[in-house]
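Chemist: Here it is, the structure, as structure tokens.
The values are calculated or read from the model by the stated rules, or taken from the named source; none is laboratory data. It should be emphasised that the depicted structure is a prediction, and the values quoted were computed from it without experimental measurement. Please note: Cβ atoms are built from the backbone with ideal geometry, for glycine as well, and neighbour counts cover all protein chains shown. When the accessible area is computed, the model is the full protein with side chains, heavy atoms only, and any ligands, DNA or RNA have been set aside. Shrake-Rupley method; radii C 1.70, N 1.55, O 1.52, S 1.80 Å.
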Amino acid sequence: MMAQISITACNGPGAEIGNVDLSHGPDDDDFAAIRQAFADHGLIFFRGQTITPEQHIAFARRWGDININRFFTPVDGYPEIAEVRKEPDQATNIGGGWHTDHSYDAEPAMGSILVARELPSKGGDTMFADMAAAYDALDDDMKARLEGLEAVHSSKQIFGGKAAYRVESDAGGRLHNPDAADALDDVIHPVVITHPLSGRKILYVNAAFTTGIRGWSREESMALLMPLYTHALQERFITRFNWEPGSIAFWDNRATWHYALNDYQGERRVMHRITLEGCALH
Ligand code: OGA
Ligand code: MN
């Protein structure tokens, strides 16, 4: 019998879950412990796992409905799994800047379960930043300024027809459904949300998809947002995850930002991602 499930907080955000085998489907007690760790940390890691795409899907389904990504190419035979791939000859990667997925949706996806499938010999880490801690560390004046503000989010600047991601990058050529972004309406979310699982206040803006503050000019918006982004990226709010064969990361899009490092030119990196549906944010 396996030792009891372990939950070890990282130095920065997140926790590593040990003594659990996701291929068998954790039993109900272990699943409850994992669920609690996910609510507490907004970011959990597993190592040494061997799971098939079917087991990946089965584990994801225990959390809720799967979101089929409109932009990424699905894994052959598994429409529920998006492929996050960088080929040796590609210059750009998916997620190569600080962002949180799906903030351009009215009901942003709650999170993604990312499984390492093929890793470069070195590099290709992912960094995660804790937006609850970033909010908590704001001074009271700034917290008061942010109260009641709403932000506009759009998929167009990353995925749209005029986006650098499409025009200048080979990654754009791999988009599954390149016209989807331009068809999506921009959405509004509060700048500070209350996290649906933890109840904590979260700084919910991000450089990739937030285009401004509702009712403010671009210039006024950026004057507020840029210092917030700098504040949020202090080292104490960041965990850098080094992938090994068998590693899995599961992040909460509401609680964290992430950034896939692009430092393994000439090598392939392939990840399988399942994204879970979320809810409206308040
Ligand atoms: C993503 C993403 C991170 C990575 O799948 O949303 O940003 O490390 N990927 O591949
Ligand atoms: Mn991402």
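Chemist: If you look at just the Cα atoms of the stretch 1-114, how large are its Rg and its Dmax in Å?
Modeler: Spelled out, the Cα radius of gyration and Dmax of the stretch 1-114 are 15.6, 46 Å.
Chemist: Want the number for E87 to L184: 0.36 nm per residue separation, take away the alpha-carbon distance, what's left? Can you show the working numbers first?
Modeler: On the way: separation 97, 0.36 × 97 = 34.92 nm, distance 2.86 nm.
Here the segment from E87 to L184 would lengthen by 32.1 nm.
Chemist: Something else now. I'd like the accessible area for K143, computed on protein heavy atoms only with a 1.4 Å probe and all protein chains in place. Round to 10 Å², please.
Modeler: Using a 1.4 Å probe on the heavy atoms, I get roughly 50 Å².
Chemist: Could you work out Rg/(2.2 N^0.38 Å) for the stretch 6-276, with Rg from alpha carbons only? All intermediate terms of the calculation are to be shown ahead of the outcome.
Modeler: Working: Rg = 18.1 Å, N = 271, 2.2 N^0.38 = 18.5 Å.
Dividing the Cα Rg of the stretch 6-276 by 2.2 N^0.38 Å gives 0.98.
Chemist: Over the chain, with a Gaussian network built from C-alpha contacts below 10 Å, which listed residue (D252, D28, D40) shows the highest mean-square fluctuation?
Modeler: Comparing D252, D28, D40 in the GNM, the peak value goes to D28.
Chemist: Carbon and sulfur: what percent of the chain's accessible surface (1.4 Å probe)? Spell out each step's value before the answer.
Modeler: Details: 6140 of 12630 Å².
With neighbouring chains kept in place, the figure for the chain is 49 percent.
Chemist: Enter the accessible area per residue of the stretch 6-276 (Å², integer; probe 1.4 Å; all protein chains in place).
Modeler: Numbers: 11680 Å² over 271 residues.
Ligands and nucleic acids excluded, the figure is 43 Å² per residue.
Chemist: Here is a follow-up. Along the positive direction of the dipole of the chain (beta-carbon charges: Lys, Arg +1; Asp, Glu -1; about the Cα centre), which of T92, A39, T210 reaches farthest?
Modeler: T92
Chemist: Go ahead and run the numbers for FRET between E267 and R47, Cβ-Cβ distance against an R0 of 25 Å, rounding to 0.05.
Modeler: Values: r = 21 Å, r/R0 = 0.84.
E between E267 and R47, to the nearest 0.05, is 0.75.
Chemist: May I ask you to derive the relative contact order of the chain, considering only C-alpha pairs under 8 Å and at least 6 residues apart, and to give it as an integer percent? Show your work: numbers first, answer last.
Modeler: Working: 612 pairs, mean separation 99.8, N = 282.
The normalised contact order for the chain reaches 35 percent.
Chemist: Among all lysine pairs in the stretch 6-276 that are eight or more places apart or on different chains, how many have alpha carbons less than 23 angstrom apart? The partial results should precede the final answer.
Modeler: Values: K86/K122; K86/K156; K86/K162; K143/K201.
Eligible lysine pairs with Cα atoms under 23 Å apart amount to 4.
Chemist: Based on the Cβ-Cβ distance from E118 to E219, what FRET efficiency comes out when R0 is 35 Å, to the nearest 0.05? Intermediate values should be presented prior to the final figure.
Modeler: Working: r = 44 Å, r/R0 = 1.25.
That pair, E118 with E219, gives E of 0.20.
Chemist: OK, next. On the full set of protein chains, 1.4 Å probe, figure out the accessible area of T230 and give it in Å² to the nearest 10.
Modeler: Answer for T230: close to 100 Å² accessible.
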